[in-house]
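Quick notes on the structure that follows.
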Amino acid sequence: MTALLRLSSAIDAVTAFIGRSVSWLILVAVLVSAGNAIIRKLFDASSNAWLELQWYLYGAVFLLAAAYTLQRNEHVRIDIATSGLSKKTRDWIDLLGHIFFLLPFCFLMVYLGWPFFWNAFQNGETSLNAGGLTIWPAKLLILVSFILLTAQGFSEIIKRWAVIKGLIEDPTIPKDLPPVVQELEAVSGLSNRVEK
């Protein structure tokens, strides 16, 4: 299990690096958007390439940060259905959900994503818009994002199993929260639900 936990830590490190790095693409997208808007207003000129670049940048952030979101336990949950359950039951739900839902979906997307990207790359597919960009980099982002999400899914399975077996502390439980957040959680009863 030690080797698997080391593998999980390595995956987590790569995921965190990519997640933090791609967050800077938001700034680039905002600057491209602002520059495009200024040029359009001042010079009455615009470019489909600049608009498509914005879409690529935002798409890159959301796709490449998906694994980081999973790692940070920030993905959408249906807490109303599980909040009354014990921590151990929620851990089992997470483990089984990752094994039977997340990983099969990721495998399917990688399987379908490869020909989707490869065909666009081989054909030199470009946008149908006048002056648009090449399409294959966007399709490559889809493939890469699901490869990263698959790897992070394996990491989460390893960690969840180790938590269930009592080998590690739960990495999803926040530690050293700011006092205001701790006070709000105490008032709302959230801290009690986390510790069950």
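Of the residues making up the stretch 19-36, those that are open to solvent by less than 60 Å² (accessible area, probe 1.4 Å) and free of Cβ contacts under 8 Å to residues at least 24 places away in the same chain are S21, S33, A34, G35, N36.
Are any of the residues in the stretch 46-67 closer than 22 Å to E169 by Cβ, open to solvent by less than 70 Å² (accessible area, probe 1.4 Å), part of a helix (DSSP H, G or I) and touching a residue at least 40 places away in the same chain (Cβ under 8 Å)? Yes, the conditions are met somewhere in the stretch 46-67. For the stretch 81-125, the candidate set comprises residues that are in a loop (DSSP other than H, G, I, E, B) and closer than 25 Å to S145 by Cα; within that set, the residue that is least open to solvent (accessible area, probe 1.4 Å) is G124. Among the numbered conditions (1) part of a helix (DSSP H, G or I); (2) open to solvent by less than 50 Å² (accessible area, probe 1.4 Å); (3) closer than 20 Å to D170 by Cα, the only one that N73 does not meet is (1).
Each row is one residue, and each column tells you yes or no for (1) under 26 Å from F17 (Cα atoms); (2) among the acidic types (D, E); (3) modelled with pLDDT under 90.
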residue	(1), (2), (3)
L51	no, no, yes
Y58	yes, no, no
V61	yes, no, no
Q71	yes, no, no
A81	no, no, yes
F100	no, no, no
F117	yes, no, no
E125	no, yes, no
I142	yes, no, no
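T2 meets all of the listed conditions (1) open to solvent by less than 60 Å² (accessible area, probe 1.4 Å); (2) out of contact with any Lys or Arg (no Cβ under 8 Å at 6 or more places or on another chain); (3) among the polar types (S, T, N, Q) but one, namely (1). Among residues of the stretch 130-149 being of a type in the set (V, I, T) and outside any helix (DSSP H, G or I), the one that is surrounded by the most Cβ atoms within 10 Å (Cβ to Cβ) is I135. Given the structure, is S155 of a type in the set (S, T, Y), within 28 Å of A13 (Cα to Cα) and more than 13 Å from the chain's Cα centre (by Cα)? In short, yes.
The values are calculated or read from the model by the stated rules, or taken from the named source; none is laboratory data. What you see is a predicted model, and the numbers here were worked out from it, not measured in a lab. Neighbour counts are summed over all protein chains in view; Cβ atoms, including those assigned to glycine, are modelled from backbone coordinates with ideal geometry. Surface accessibility is based on the protein's heavy atoms, side chains included, excluding ligands, DNA and RNA. Shrake-Rupley method; radii C 1.70, N 1.55, O 1.52, S 1.80 Å.
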